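Peer 1: Structure below; questions to follow.
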Amino acid sequence: MMLKNITKFAALAMVSLALGLSLSGSALAQDQLLNVSYDPTRELYLAYNEAFAKHWKETTGQDVSIESSHGGSGKQARSVIDGLEADVVTLALAYDIDAIAEKGQLLAADWQARLPHNSTPYTSTIVFLVRQGNPKGIKDWGDLVKGDVQVITPNPKTSGGARWNYLAAWDWALKQPGGNADTAKAFVADLFKHVPVLDTGARGSTTTFAQRGIGDVLLAWENEAFLAVKELGPDQFEIVVPSTSILAEPPVAVVDKVVDAHGTRKLAEEYLKYLYSPEGQEIAARNYYRPTDPAIAEKYKSQFPNLKLSTIADFGGWKQAQADHFADGGIFDQIYQPAQ
């Protein structure tokens, strides 16, 4: 089920929330798995769960039931910390899984070393989605703060995608002639003056832009932008690739204390390992995520634009970036003034 109708975005979100609430606080059977994921992965894991269940049946003879919960990455992490019994988490950024490890004490601090590529089976980046014909002539980050341009992006306090958006914008400003921390701060502050509403997650922002018709440009996960154009049509939207962006690395992890309580450790570990298999990588690529397998990446290379990408290491890693920009009293709190 792809995005045949944009109104399904909200319905899927409500189903995911109801699922999460129904599963929290109750142990799952050994043949059941809960994947708590971030906002734009609904279509990816709908396809992947079906493929993995078939693989598991063929390999072990066991039927398995896999459910997924979706929402803003930060909110999802908080739900797990507060008791949502996720066997695995597949979130938008490493900081959110670190929080589950540190605040929830639910998995080991070295979780990122367990799987290849720092436990990141696929990557993405941030692009712009504009209305057909690009009526505001948006070509790069600097155009987002011109005139009456309205920018749609989620809330960095609750959405992992929003934090990638923010950091990509900051990095672009920093690299402009004469750029420094002060000019970058001023640019991002100006950018958020052009944001009329902050949704809690990336899919909510897509709904605001595409269904409600608010805004001139959506700062979007690359996969989300591709999916919108595919399902809603190039006669309505088009993708603008900025001059620079950021390598978005959404990692995955087994939640140790939960799988040990559920008796699902082997199932959960194989579920994540299979994301790196040729079939798992194909599913990621078909859902517009950038595969990490070199052979699959080569096969799909024409699908993805080539652009200059900064990395989270340029910001000192996620702990440093979180402390500087998104923690209470950080730069985002200093610059953001909600519209009155």
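The values are calculated or read from the model by the stated rules, or taken from the named source; none is laboratory data. Since this is a predicted model, take the numbers as computed values, not measurements. Backbone-built Cβ (ideal geometry, glycine too); neighbour counts: all protein chains shown. Just the protein is used for accessible areas: all its heavy atoms, side chains included, with ligands, DNA and RNA removed. Shrake-Rupley method; radii C 1.70, N 1.55, O 1.52, S 1.80 Å.
Peer 1: Inside region 283-307, can you point out the residues that are on the phi < 0 side of the Ramachandran plot and either aromatic (Phe, Trp, Tyr) or within 17 Å of the chain's Cα centre (by Cα) (or both)? So that I can check it myself, show each step before the final result.
Peer 2: Residues of region 283-307 on the phi < 0 side of the Ramachandran plot: 283-287, 289-307.
Those that are on the phi < 0 side of the Ramachandran plot and either aromatic (Phe, Trp, Tyr) or within 17 Å of the chain's Cα centre (by Cα) (or both): 283, 284, 285, 286, 287, 289, 290, 291, 292, 300, 304.
Peer 1: Report whether or not residue 43 is in contact with a helix residue (DSSP H, G or I) (Cβ under 7 Å, 6 or more places away or on another chain), closer than 16 Å to residue 259 by Cβ and surrounded by fewer than 24 Cβ atoms within 10 Å (Cβ to Cβ).
Peer 2: Considered against the rule, which asks whether it is in contact with a helix residue (DSSP H, G or I) (Cβ under 7 Å, 6 or more places away or on another chain), closer than 16 Å to residue 259 by Cβ and surrounded by fewer than 24 Cβ atoms within 10 Å (Cβ to Cβ), residue 43 comes out as no.
Peer 1: Let me ask something else about it. Being farther than 24 Å from residue 241 by Cβ, open to solvent by 10 Å² or more (accessible area, probe 1.4 Å) and free of Cβ contacts under 8 Å to residues at least 12 places away in the same chain: is that true of residue 108 here? Please lay out each step first, then the result.
Peer 2: Values: farther than 24 Å from residue 241 by Cβ: yes; open to solvent by 10 Å² or more (accessible area, probe 1.4 Å): yes; free of Cβ contacts under 8 Å to residues at least 12 places away in the same chain: no.
Judged against the criteria, residue 108 is not a match.
Peer 1: Which members of region 177-215 meet the condition of being touching a residue at least 12 places away in the same chain (Cβ under 8 Å) and assigned to a loop (DSSP other than H, G, I, E, B)?
Peer 2: Within region 177-215, 194, 195, 196, 197, 198, 199, 200, 201, 211, 214, 215 meet the criteria.
Peer 1: Could you go through region 47-55 and let me know if any residue there is at negative phi, open to solvent by 20 Å² or more (accessible area, probe 1.4 Å), of a type in the set (A, V, I, L, M) and within 18 Å of the chain's Cα centre (by Cα).
Peer 2: Yes, region 47-55 contains a residue that is at negative phi, open to solvent by 20 Å² or more (accessible area, probe 1.4 Å), of a type in the set (A, V, I, L, M) and within 18 Å of the chain's Cα centre (by Cα).
Peer 1: Of all helices (runs of 4 or more DSSP H) completely enclosed by region 32-138, which ones contain at least 1 residues that are of a type in the set (A, V, I, L, M) and under 20 Å from residue 277 (Cα atoms)?
Peer 2: On the way: elements: 42-60, 73-81, 94-102, 116-119.
Passing ranges, in order: 42-60.
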